[in-house]
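Chemist: Can you keep this structure in mind? I'll have questions shortly.
The values are calculated or read from the model by the stated rules, or taken from the named source; none is laboratory data. Since we're looking at a predicted model, the values are computed, not measured. With ideal geometry, Cβ positions are generated from the backbone for all residues, glycine too; neighbour counts draw on all protein chains shown. We work out accessible area using only protein heavy atoms, side chains counted, and drop any ligands, DNA or RNA first. Shrake-Rupley method; radii C 1.70, N 1.55, O 1.52, S 1.80 Å.
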Amino acid sequence: MARDPRYDILFEPIRMGPVTAKNRFFQVPHCNGMGMSFPSAMIAMRRIKAEGGWAVVCTEETDIHPTGDMSPLVEGRLWDDRDIPVFARMNEGIHLHGALAGIELTHTGPRDACLYSREAPLSVAHVPVYAGDYPVQARAMDRTDIRNLRRWHRDAALRAKRAGFDVVYIYCHAGSSLAGDFLSRRRNDRGDEYGGSLENRVRLTRELLEDTRDAVGHTCAVVLRYVVDDQIGPDGKADMEESRHIVEMLAEVPDVWDVNVREWRRDSMPSRFGPEGSQEEFIGFVKKLTSKPVVGVGRFTSPDTMVSQVKRGIIDFIGAARPSIADPFLPKKIEEGRIDDIRECIGCNMCVSSDFTMVPMRCTQNPTMGEEWRKGWHPEIIAPRKSDERVLIVGAGPAGLECARSLGNRGYEVVLAEGRDDLGGRVLQESRLPGLAAWRRVRDYRVQQVQRMPNVETYLESKLSAADIRDYGFPKVVLATGGTWRRDGIGRYRATPVPGLDQVSVFGPEDVFAGVSIPGPVVIYDDDRYYLGGVLAEQLRLKGLEVTLVTPASDVSNWSHATLEQGWAEERLYDLGVAIIEKHGLVAAGKGAVTIEHGGSGRQCSLPCASLLFVTMRLPNDALYHDLQADPARLEAAGIKSVLRIGDCFAPSTIAAAVYSGHRCAREMDEPPGGDVPFKRELIALEQAGS
Ligand code: ADP
Ligand code: SF4
């Protein structure tokens, strides 16, 4: 298909100092949980981005010296020459596809505690380190330290060049890099030529940029990543006037400006709390002050939004982390006029969680993310079918839909039977809750894909029994029948049912999905600890009910710290007037009240409660599986050779896990078993004995 001429502008080459990007698609630095710990995985992931058409593919933040050691975070590392080969291999792959390779060099100063290197962290002033409440302080840098920092940056830039990079970053973000902390009026209290006046505070950033240009600027573009609302005024609010002055002062110094906003939770705004393109109001001024190209992000997945931002002079480059994770082939698909094939990011930030959990990144929309090397999974290529056996998939939630899509791509004849009157399972239901509309994309992308496949037939309102499945007589049966929330309080905190449940009205999330009338006051007991308890509280409160959310966790929606949603969620619940009780478990239910206890002290109190809504854990809907397996002779007589369970029907988990499970089932259909360790591992090479 031909590209829509409206999008031609996105494919214009852009000059960046000594190099030229082939189009406007710029994969900005992003963490991935692979970095220096799983380098082969990281390399394969970046190479695929280049293959997918991104003009620039960057590393994650990369530390340049042991005094800026980001451990235990898994990021990039360029301390000495021995770190070059990993990047050289990555860049070879990136260049193969005509893309430019970028590296984000940084010294994070007091953000990190140098837990691996055990060096004393460096800082603009004496301060406790910012991350993780570690009992570690960073020490104020003297002039020698500053000279050393400049040398380390310069050496790192030279190494980057030797590794084949075309684009070298200086990172300027207060709280996340020394350059940013020096720039910050709030953090910089120095009395020397690096503190006080704005000119002095800008000095270090300017020097780092000039040193980098001097070292590698004739072959590499020098990028300044600048957080535009970092400058905090005396009133505690962003001082955009000062930010403006900074951009004016450095306007022509870098070859490219990569601009974004303060705090990761705002920069990677979850879709629950902000729309596509939400940074525009903050970054919009930068392009007016410089002749250099500007990169900006905003979870851009719509080519129309991208074009609009370029045409209105907000940005020159479509910066993307999450959209490039959800769909590494996003540029190619726009270029080839395949807009419907774009797998749009849903803004759930499951990818971000991998930075905190320090394991290879996963993505709700893209099940191949992080599996490119260890399982050899390509986001756009899948092996043709190995048999003619037809497959019956029961249940069209994220697992069933993804399995149908991928088996369909392999060429299998597939029947997808869904009991309800629409496809999508839990995703469809949850996407109707406040803030979760974008999550529907998990369903929409797959439905739209399978509906175009002549070899995939979909049946609605087809709730199948074991007898129905036997009647179909397909050799392969895949059960994707989901899970059901418990309604007895058992979860992490309790291993036995809550006593007294016969005296109170008990509900589960399915009742809210179904619009069942729930009388207040409502107590939501959230021992699931991710998003759903908080979202249901929001929903019921918006209906005017009195809602108390009780959780044994230390924070409401505790796990959503990892997805950068927690702070926003807590704020929203407080604003709505939901009462939040943390660190408490549910002990008993009675007439009109429940008893809760403080997890640490065991102190008890009671709460008024007409309705008790449990969000604790789910059980798999696997009755069909057991029915079928109970009679192997009839199964065989029906010609059914295998019955597999996927997604929540096998083990209830996240939507990302369900999609992954459906994809894996399709990849492994008719393949030999993968062995006890079903993927390639990266093992650390031992040094020579005695060395
Ligand atoms: P997952 O996250 O594992 O994909 P979901 O709960 O989202 O699971 O989806 C399961 C889907 O399976 C639901 O849409 C449900 O209606 C459907 N389903 C459950 N049992 C049957 C059945 N016996 N026949 C057909 N569809 C079923
Ligand atoms: Fe987008 Fe979620 Fe995938 Fe991250 S995990 S790229 S937020 S869909």
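Chemist: If I go through region 101-130 residue by residue, how many of them are touching a residue at least 40 places away in the same chain (Cβ under 8 Å), open to solvent by 20 Å² or more (accessible area, probe 1.4 Å) and not hydroxyl-bearing (Ser, Thr, Tyr)?
Modeler: Count: 5.
Chemist: Same structure, new question: Please give the number of the condition Gly600 fails out of (1) within 16 Å of ligand 1 (Cβ to nearest atom); (2) assigned to a loop (DSSP other than H, G, I, E, B).
Modeler: (1)
Chemist: Inside region 1-110, counting only strands (runs of 3 or more DSSP E) that do not spill past its ends, which hold 2 or more residues that are not aromatic (Phe, Trp, Tyr)? Reasoning before the result, please.
Modeler: Numbers: elements: 14-16, 19-21, 25-27, 56-63, 100-106.
Where strands (runs of 3 or more DSSP E) fall fully within region 1-110 and carry at least 2 residues being not aromatic (Phe, Trp, Tyr), they are 14-16, 19-21, 56-63, 100-106.
Chemist: In this structure, does Phe300 turn out to be open to solvent by less than 10 Å² (accessible area, probe 1.4 Å), aromatic (Phe, Trp, Tyr) and more than 18 Å from the chain's Cα centre (by Cα)?
Modeler: Numbers: open to solvent by less than 10 Å² (accessible area, probe 1.4 Å): yes; aromatic (Phe, Trp, Tyr): yes; more than 18 Å from the chain's Cα centre (by Cα): no.
Spelling it out, it is not the case that Phe300 is open to solvent by less than 10 Å² (accessible area, probe 1.4 Å), aromatic (Phe, Trp, Tyr) and more than 18 Å from the chain's Cα centre (by Cα).
Chemist: Where residues in region 252-296 are within 19 Å of Val168 (Cβ to Cβ) and part of a loop (DSSP other than H, G, I, E, B), which of them is nearest to ligand 1 (Cβ to nearest atom)?
Modeler: Of all residues in region 252-296, those within 19 Å of Val168 (Cβ to Cβ) come to 252-260, 290, 292-295.
Filter once more, keeping what is part of a loop (DSSP other than H, G, I, E, B): 252-255, 290, 292-293.
Working: Glu252: 52, Val253: 50, Pro254: 46, Asp255: 46, Thr290: 47, Lys292: 46, Pro293: 42 Å.
Residue satisfying both the conditions and the ranking: Pro293.
Chemist: Name the single residue that is farthest from Arg203 (Cα to Cα) among those in region 135-147 being open to solvent by 40 Å² or more (accessible area, probe 1.4 Å) and part of a helix (DSSP H, G or I).
Modeler: Here the residue is Thr144.
Chemist: Any residue that is open to solvent by 40 Å² or more (accessible area, probe 1.4 Å), within 11 Å of ligand 1 (Cβ to nearest atom) and not β-branched (Val, Ile, Thr) - is there at least one of those in region 412-420?
Modeler: Yes, some residue in region 412-420 is open to solvent by 40 Å² or more (accessible area, probe 1.4 Å), within 11 Å of ligand 1 (Cβ to nearest atom) and not β-branched (Val, Ile, Thr).
Chemist: Between residues in region 523-534 that are surrounded by fewer than 23 Cβ atoms within 10 Å (Cβ to Cβ) and residues that are β-branched (Val, Ile, Thr), which pairs lie under 6 Å by C-beta distance while being six or more apart or on different chains?
Modeler: Note: pairs meeting the criteria are Asp527/Thr616; Leu532/Val615.
Chemist: Which condition breaks for Ala399 when tested against (1) open to solvent by 30 Å² or more (accessible area, probe 1.4 Å); (2) within 9 Å of ligand 1 (Cβ to nearest atom); (3) not in a loop (DSSP other than H, G, I, E, B)?
Modeler: (1)
Chemist: A follow-up question, please. I'd like the full set of residues that are surrounded by 14 or more Cβ atoms within 10 Å (Cβ to Cβ) and without any contact (Cβ under 8 Å) to a residue 12 or more places away in the chain, limited to region 564-594.
Modeler: Of everything in region 564-594, just one residue is surrounded by 14 or more Cβ atoms within 10 Å (Cβ to Cβ) and without any contact (Cβ under 8 Å) to a residue 12 or more places away in the chain, namely Gln566.
Chemist: Tell me, which helices (runs of 4 or more DSSP H) wholly within region 298-339 include 1 or more residues that are within 14 Å of ligand 2 (Cβ to nearest atom) and modelled with pLDDT of 95 or more?
Modeler: 322-326, 330-335
Chemist: OK, next. Name, by its number, the condition in (1) open to solvent by 60 Å² or more (accessible area, probe 1.4 Å); (2) at pLDDT below 95 that does not hold for Gly473.
Modeler: (1)
Chemist: Under 7 Å by Cβ, and 6 or more places apart or on different chains, what pairs join a residue from region 656-678 that is over 23 Å from Cys363 (Cβ atoms) with one that is of a type in the set (S, T, N, Q) and open to solvent by less than 50 Å² (accessible area, probe 1.4 Å)?
Modeler: Asp670/Ser387
For (1) in contact with a Leu (Cβ under 9 Å, 6 or more places away or on another chain); (2) in a strand (DSSP E or B); (3) among the basic types (Lys, Arg), each residue gets a yes or a no:
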residue: Ile524; (1), (2), (3): yes, yes, no
residue: Leu540; (1), (2), (3): yes, no, no
residue: Leu545; (1), (2), (3): no, no, no
residue: Trp559; (1), (2), (3): no, no, no
residue: Ala569; (1), (2), (3): no, no, no
residue: Ile580; (1), (2), (3): yes, yes, no
residue: Val594; (1), (2), (3): yes, yes, no
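Chemist: What do you reckon, is Ser406 away from ligand 2 (no atom under 16 Å from the Cβ), of a type outside the set (Val, Ile, Thr) and touching a His at 6+ places or on another chain (Cβ under 8 Å)?
Modeler: On the way: away from ligand 2 (no atom under 16 Å from the Cβ): yes; of a type outside the set (Val, Ile, Thr): yes; touching a His at 6+ places or on another chain (Cβ under 8 Å): yes.
Spelling it out, Ser406 is indeed away from ligand 2 (no atom under 16 Å from the Cβ), of a type outside the set (Val, Ile, Thr) and touching a His at 6+ places or on another chain (Cβ under 8 Å).
Chemist: Say whether the condition of being within 22 Å of Leu330 (Cα to Cα), within 18 Å of the chain's Cα centre (by Cα) and not aromatic (Phe, Trp, Tyr) is met by at least one residue in region 4-25.
Modeler: The answer is no, given that none of the residues of region 4-25 is within 22 Å of Leu330 (Cα to Cα), within 18 Å of the chain's Cα centre (by Cα) and not aromatic (Phe, Trp, Tyr).
Chemist: Given the criterion within 29 Å of Lys543 (Cβ to Cβ) and aliphatic (A, V, I, L, M), identify the matching residue among Leu619, Leu628, Leu644.
Modeler: Values: Leu628 fails: within 29 Å of Lys543 (Cβ to Cβ); Leu644 fails: within 29 Å of Lys543 (Cβ to Cβ).
Result: Leu619 is the single residue among Leu619, Leu628, Leu644 that is within 29 Å of Lys543 (Cβ to Cβ) and aliphatic (A, V, I, L, M).
Chemist: So, Leu545, is that one of a type outside the set (D, E, K, R) and closer than 30 Å to Asp670 by Cβ or not? Give the steps one after another, and end with the answer.
Modeler: Numbers: of a type outside the set (D, E, K, R): yes; closer than 30 Å to Asp670 by Cβ: no.
Considered against the rule, which asks whether it is of a type outside the set (D, E, K, R) and closer than 30 Å to Asp670 by Cβ, Leu545 comes out as no.
Chemist: Which of the residues belonging to region 663-683 are part of a loop (DSSP other than H, G, I, E, B), among the acidic types (Asp, Glu) and open to solvent by less than 100 Å² (accessible area, probe 1.4 Å)? Steps first, answer last, please.
Modeler: Of region 663-683, the ones part of a loop (DSSP other than H, G, I, E, B) are 669-683.
Subsequent filtering for residues that are among the acidic types (Asp, Glu) retains 670-671, 676, 682.
Selection gives Asp670, Glu671, Glu682.
Chemist: Would a scan of region 484-491 turn up a residue that is outside any loop (DSSP other than H, G, I, E, B), closer than 27 Å to Met350 by Cβ and either in contact with a strand residue (DSSP E or B) (Cβ under 8 Å, 6 or more places away or on another chain) or not β-branched (Val, Ile, Thr) (or both)? Walk me through it before giving the result.
Modeler: Quick first cut of region 484-491, residues outside any loop (DSSP other than H, G, I, E, B) only: 484-485.
Applying the additional criterion that residues be closer than 27 Å to Met350 by Cβ yields 484-485.
So of that shortlist, the ones also either in contact with a strand residue (DSSP E or B) (Cβ under 8 Å, 6 or more places away or on another chain) or not β-branched (Val, Ile, Thr) (or both) come out as 484-485.
Yes, region 484-491 has at least one match.
Chemist: Restricting to region 320-359, give me the number of residues that are open to solvent by 20 Å² or more (accessible area, probe 1.4 Å), under 17 Å from the mean Cα position of the chain (by Cα) and either among the acidic types (Asp, Glu) or within 16 Å of ligand 1 (Cβ to nearest atom) (or both).
Modeler: The total comes to 1.
Chemist: Within region 632-649, count every residue that is free of Cβ contacts under 8 Å to residues at least 60 places away in the same chain and open to solvent by less than 20 Å² (accessible area, probe 1.4 Å).
Modeler: 0
Chemist: Please work out if Ser387 is hydroxyl-bearing (Ser, Thr, Tyr), under 20 Å from Arg664 (Cβ atoms), in contact (Cβ under 8 Å) with a residue 60 or more places away in the chain and in a helix (DSSP H, G or I). Before the answer, list the steps.
Modeler: Numbers: hydroxyl-bearing (Ser, Thr, Tyr): yes; under 20 Å from Arg664 (Cβ atoms): yes; in contact (Cβ under 8 Å) with a residue 60 or more places away in the chain: yes; in a helix (DSSP H, G or I): no.
It is false that Ser387 is hydroxyl-bearing (Ser, Thr, Tyr), under 20 Å from Arg664 (Cβ atoms), in contact (Cβ under 8 Å) with a residue 60 or more places away in the chain and in a helix (DSSP H, G or I).
Chemist: Can you tell me how many residues within region 587-629 are touching a strand residue (DSSP E or B) at 6+ places or on another chain (Cβ under 9 Å) and among the charged types (D, E, K, R)? Before the answer, list the steps.
Modeler: Step one: of region 587-629, the residues touching a strand residue (DSSP E or B) at 6+ places or on another chain (Cβ under 9 Å) are 587-590, 592-599, 603-622, 624-625, 628-629.
Applying the additional criterion that residues be among the charged types (D, E, K, R) yields 597, 603, 618, 622.
The total comes to 4.
Chemist: Turning to a different aspect of this structure: How many residues does region 196-205 contain that are buried (at least 18 other Cβ atoms within 10 Å of the Cβ), of a type outside the set (Val, Ile, Thr) and touching a residue at least 40 places away in the same chain (Cβ under 8 Å)?
Modeler: To start, the set of residues in region 196-205 that are buried (at least 18 other Cβ atoms within 10 Å of the Cβ) comprises 201-205.
Among the residues that remain, those that are also of a type outside the set (Val, Ile, Thr) are: 201, 203-204.
Narrowing further to those that are touching a residue at least 40 places away in the same chain (Cβ under 8 Å): 204.
Adding up the residues that qualify gives 1.
Chemist: Sticking with this structure for a sec: Which ones in region 491-519 are within 32 Å of the chain's Cα centre (by Cα) and not aliphatic (A, V, I, L, M)?
Modeler: Gly491, Arg492, Tyr493, Arg494, Phe507, Gly508, Pro509, Glu510, Asp511, Phe513, Gly515
Chemist: Give me the pairs, please: first residue somewhere in region 445-461 and farther than 16 Å from Leu392 by Cβ, second residue anywhere and among the hydrophobic types (A, V, I, L, M, F, W, C), beta-carbon distance under 7 Å, and either six or more positions apart or on two chains.
Modeler: Close Cβ pairs satisfying both conditions: Arg446/Leu401; Val447/Leu401; Val447/Leu423.
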